[in-house]
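A.B. asks: Right, I'll just put the structure down here and ask away after.
The values are calculated or read from the model by the stated rules, or taken from the named source; none is laboratory data. Quick caveat: nothing in here was measured; it's all calculated off a predicted structure. Positions of Cβ are generated from backbone atoms using ideal geometry, with glycine treated the same way; all protein chains shown enter the neighbour counts.
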Amino acid sequence: MSEIRVRGSVRVMEIARRVDADPVTVRRDLVKLEQQGYVTRVHGGAVAPTRQGEGRQYHRPLTIGMIVPTTNYYFPPVIQGATRAAAAAGARIVLAISNYDEREEVSLVRRMLASSIDGLLFTSARAECDEELLAQLSAASIPVCFVERAVPSLWSDSRLEAVRTDHAAGAAAAVRHLANLGHRRLFVAVRSDSATTPWLTQGVHDAVRASPVQLVSAPVLLNGHTGPARAAELLDLVFSGSADSIIVHSDQDGIAIQQAAEARGIELPEALSMIAYDDEVAALAPVPLTAVAPPKFDVGATGIAVLMRRLESTNRLVGPALQRITLQPTLNARLSVEVWSEPMGR
C-alpha cells in the first residue's frame, strides 16, 4: 500500500521481483485489496482507486514504450502520430531505436519490459521476430501492439495486438490504376531489405491475375543504394521486356530510375509510366511521381488507441476483444502516369 500511496500504482512483475514472491501471489493479494476498496486493478498491476466524480482511472501519467528500427525514413510520421495520440490521452511516449540490429532489439525489449511502462508499441527490425522474443512479448504483463508488422500466424492465439498498413491492397491499387489507364505490360522492382516486400509482391500478383496487365518478369529485388549504374541496368530491364509501366519501391529508387531515363532522353510518362511506393519524397521528383502513401501518422495514432482501449478496459478477466487492424493506403495521382498510347517507333 505504501507503493500505491507514493507512486499511485504498482506493477505485478515489478513487486514480485522486488519482494521475491510468485506473481500469482501478488495478483491474489491485489484482488483482496481491490475487494476492500484500497486499489483498482488494471492490466499488469493496480492503481489507486478512482475518487468519486473523477473520469480517469489513473493517478499518474501513462507511459508508453515505443521501439522502432529507425527514425530516418518512413517512421517519423508514425512516431508523430503515436506521440500526438498519446498526449491527447494524457500519456507520454518513451522512444527506443534498434537501428535494424536484432541483438539490440532483444536488449531494448528486455529493458522496456523491466521498466515501469504501461504499454509497448513494437516494430521489429525484420519482417518476422525471433521465436524467443515473441514468447517474451506474448508473456508481458503489459499490453503489446505490433506496429507495421503482423502477428505471426503461429502466435494468433497470443494476446499480442497489431496495427499495420494493408500494403498488399496498396500494391493492388497501383496495378488497377495502371490497368484503368490502358497499361498492359508491367515491370516491378521492390526492396530486398524491406519487411513490406512480401505484401507488395502478393498485392501485385493478386491484382495482375484479376486484370489484363501482365508482368514482363518476376519482381526484381533491389539491394542497397540504387546509384546511376544500377538505375541504368534497371531501365534496360524495363525496355528489354517492352514494359509500358513500372511500380517501384521505394521513392528514392523511382527517382534514380527517372534520372537514368532523363539521361537517355526518355520522357515520363510519354515513354513509361511510373508509380512509386511509400510517398516520402515522390512529389519532389523532376516529374512528380504518382505514389502509394501508407497512412503512417494514422498507424501510430491507432497503435496508441489499441493500447489505451486495453488499459482502460473494465473487464478484468479477459479484457476487450483483440485488435489486429489493417489500414488502407492512398494512391496520390501526379504527373508520372497518363493514359497509355504506344509511342511512335517503339
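A.B. asks: Run ASP253 past the list (1) free of Cβ contacts under 8 Å to residues at least 60 places away in the same chain; (2) on the phi < 0 side of the Ramachandran plot and report the number of the one that doesn't hold.
C.D. replies: Of (1) free of Cβ contacts under 8 Å to residues at least 60 places away in the same chain; (2) on the phi < 0 side of the Ramachandran plot, only one is false for ASP253: (1).
A.B. asks: For region 255-288, give me each residue that is of a type in the set (A, V, I, L, M) and in contact with a Ser or Thr (Cβ under 8 Å, 6 or more places away or on another chain). Spell out the reasoning first.
C.D. replies: First, the residues of region 255-288 that are of a type in the set (A, V, I, L, M): 255-257, 260-261, 263, 266, 268, 271-272, 274-276, 281-285, 287.
Within region 255-288, ALA256, ILE257, LEU268, LEU272, MET274, ILE275, ALA276, ALA282, ALA285, VAL287 meet the criteria.
A.B. asks: Next question, about the same structure. Filter region 120-131 down to residues that are in contact (Cβ under 8 Å) with a residue 24 or more places away in the chain and outside any loop (DSSP other than H, G, I, E, B) and give me whichever is farthest from SER194 (Cα to Cα).
C.D. replies: Selected residue: LEU120.
A.B. asks: Quick check on region 207-220. Is at least one of its residues of a type outside the set (A, V, I, L, M) and free of Cβ contacts under 8 Å to residues at least 12 places away in the same chain? I'd like the intermediate steps shown before the answer.
C.D. replies: Pass one, region 207-220, residues of a type outside the set (A, V, I, L, M): 209, 211-212, 214, 217, 219.
Imposing the further condition that a residue be free of Cβ contacts under 8 Å to residues at least 12 places away in the same chain reduces the set to 209.
Looking for residues that are of a type outside the set (A, V, I, L, M) and free of Cβ contacts under 8 Å to residues at least 12 places away in the same chain, one finds at least one in region 207-220, hence yes.
A.B. asks: So is GLY241 of a type in the set (Gly, Ala, Ser) and touching a Gly at 6+ places or on another chain (Cβ under 6 Å) or not? Can you show your working first?
C.D. replies: On the way: of a type in the set (Gly, Ala, Ser): yes; touching a Gly at 6+ places or on another chain (Cβ under 6 Å): no.
Taking the combined requirement at face value, the residue does not satisfy it.
A.B. asks: I'd like the residue in region 174-209 that is touching a Ser or Thr at 6+ places or on another chain (Cβ under 7 Å) and among the β-branched types (Val, Ile, Thr) and, out of all such residues, is nearest to ARG334 (Cα to Cα).
C.D. replies: If we take residues in region 174-209 being touching a Ser or Thr at 6+ places or on another chain (Cβ under 7 Å) and among the β-branched types (Val, Ile, Thr), then VAL175 is nearest to ARG334 (Cα to Cα).
A.B. asks: Which members of region 266-306 meet the condition of being in contact (Cβ under 8 Å) with a residue 24 or more places away in the chain, out of contact with any Leu (no Cβ under 7 Å at 6 or more places or on another chain) and charged (D, E, K, R)?
C.D. replies: GLU270, ASP278, ASP279, GLU280, LYS296
A.B. asks: In contact with a helix residue (DSSP H, G or I) (Cβ under 8 Å, 6 or more places away or on another chain), outside the structural domain of ILE275 (by TED's automatic domain parsing) and under 22 Å from ASN72 (Cβ atoms) - does that describe any residue in region 132-152?
C.D. replies: There is at least one residue in region 132-152 that is in contact with a helix residue (DSSP H, G or I) (Cβ under 8 Å, 6 or more places away or on another chain), outside the structural domain of ILE275 (by TED's automatic domain parsing) and under 22 Å from ASN72 (Cβ atoms).
A.B. asks: What's the total number of residues in region 268-294 that are assigned to a loop (DSSP other than H, G, I, E, B) and within 19 Å of the chain's Cα centre (by Cα)? Show your work before the answer.
C.D. replies: Going through region 268-294, the residues assigned to a loop (DSSP other than H, G, I, E, B) turn out to be 268-272, 278-281, 285-289, 294.
Now narrow it down to the ones that are within 19 Å of the chain's Cα centre (by Cα): 278-281, 294.
Looking only at that region, the number is 5.
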